[in-house]
Amino acid sequence: MEIKEKENLLKSTIIPYLEKEGIEVFELKFFYSSGKPLLRILVDFPEGGITIDDCSLLNKKLSDYLEGQNFLEGSFVLEVSSPGVNRDLSTFKDFLRVKQKSVSLWLSQEFEGRLHYDGKVLDVDSDKKVLFLELDNNKSITLPLNFIKKGKERIIEMR
């Protein structure tokens, strides 16, 4: 079986399995490293906040599951980790996850004369496809989601 076929099989099985556990999969990659099969999965809770202990527990559960299903013959390496706080924000779900949090946004086209905004995500409207952003100067804007090239959650130091 080709690598891509095996990756697709793993995705079609593992993603529903993890979703039943209340886990969202951000990335699932299957490849060979030093001749050994490696499965790398980036996961988080839908509202964020997955811990190292959560990833460790998921690694054990998935190892047992994969061995029981015999998807990967012989030994393999499984890596389960968080996509991290510094991951890019680009989808509707990403922006829902950072609701009421501070973000930096880079736009693909100007909005009100600017290509970059910093502020707090107040809300996201899936029907209108807009993001409500409170700027650092306490002004609020309604930004079309399709204008956003990428975003990052801002980690603000408290003094």
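The values are calculated or read from the model by the stated rules, or taken from the named source; none is laboratory data. What you are looking at is a predicted structure, and each value in this text was computed from that prediction instead of being measured. Note that each Cβ is placed from the backbone with ideal geometry, even for glycine, and that neighbours are counted across all protein chains shown.
Within the option set Phe76, Phe111, Phe95, Phe71, being in the same structural domain as Pro37 (by TED's automatic domain parsing), at negative phi and out of contact with any Ser or Thr (no Cβ under 8 Å at 6 or more places or on another chain) holds for one residue only, Phe76.
Per-residue answers, yes or no, for (1) closer than 21 Å to Ile155 by Cα; (2) modelled with pLDDT of 85 or more; (3) not basic (Lys, Arg):
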position: Ser90; (1), (2), (3): yes, no, yes
position: Gln100; (1), (2), (3): yes, yes, yes
position: Leu105; (1), (2), (3): yes, yes, yes
position: Ser108; (1), (2), (3): no, yes, yes
position: Arg114; (1), (2), (3): no, yes, no
position: Lys120; (1), (2), (3): yes, yes, no
position: Asp123; (1), (2), (3): yes, yes, yes
position: Phe132; (1), (2), (3): yes, yes, yes
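Any chance the range 64-80 includes a residue that's closer than 30 Å to Asn138 by Cβ and touching a residue at least 40 places away in the same chain (Cβ under 8 Å)? No, there is no match, as no residue in the range 64-80 is closer than 30 Å to Asn138 by Cβ and touching a residue at least 40 places away in the same chain (Cβ under 8 Å). For Ser63, the conditions (1) within 17 Å of the chain's Cα centre (by Cα); (2) surrounded by 14 or more Cβ atoms within 10 Å (Cβ to Cβ) all hold with the exception of (1). Checked against (1) more than 26 Å from Leu9 (Cα to Cα); (2) touching a residue at least 40 places away in the same chain (Cβ under 8 Å); (3) among the charged types (D, E, K, R), Lys93 passes all but condition (1).
What are the residues in the range 39-50 that are farther than 20 Å from Lys93 by Cβ and either under 14 Å from the mean Cα position of the chain (by Cα) or among the charged types (D, E, K, R) (or both), if any?
If the condition is that a residue be farther than 20 Å from Lys93 by Cβ and either under 14 Å from the mean Cα position of the chain (by Cα) or among the charged types (D, E, K, R) (or both), then Arg40 is the only one that fits.
Would you say Pro46 is free of Cβ contacts under 8 Å to residues at least 24 places away in the same chain and either hydroxyl-bearing (Ser, Thr, Tyr) or surrounded by fewer than 14 Cβ atoms within 10 Å (Cβ to Cβ) (or both)? In short, no. So, Ser140, is that one of a type in the set (Ser, Thr, Tyr), farther than 29 Å from Ile50 by Cβ and modelled with pLDDT of 90 or more or not? Criteria met by Ser140. Among the residues of the range 64-81, the one identified as in contact with a Phe, Trp or Tyr (Cβ under 9 Å, 6 or more places away or on another chain), within 21 Å of Glu24 (Cβ to Cβ) and not aromatic (Phe, Trp, Tyr) is Leu66.
Taking strands (runs of 3 or more DSSP E) as the structural unit, those lying wholly within the range 9-119 and holding at least 3 residues that are under 22 Å from Leu133 (Cβ atoms) correspond to 102-111.
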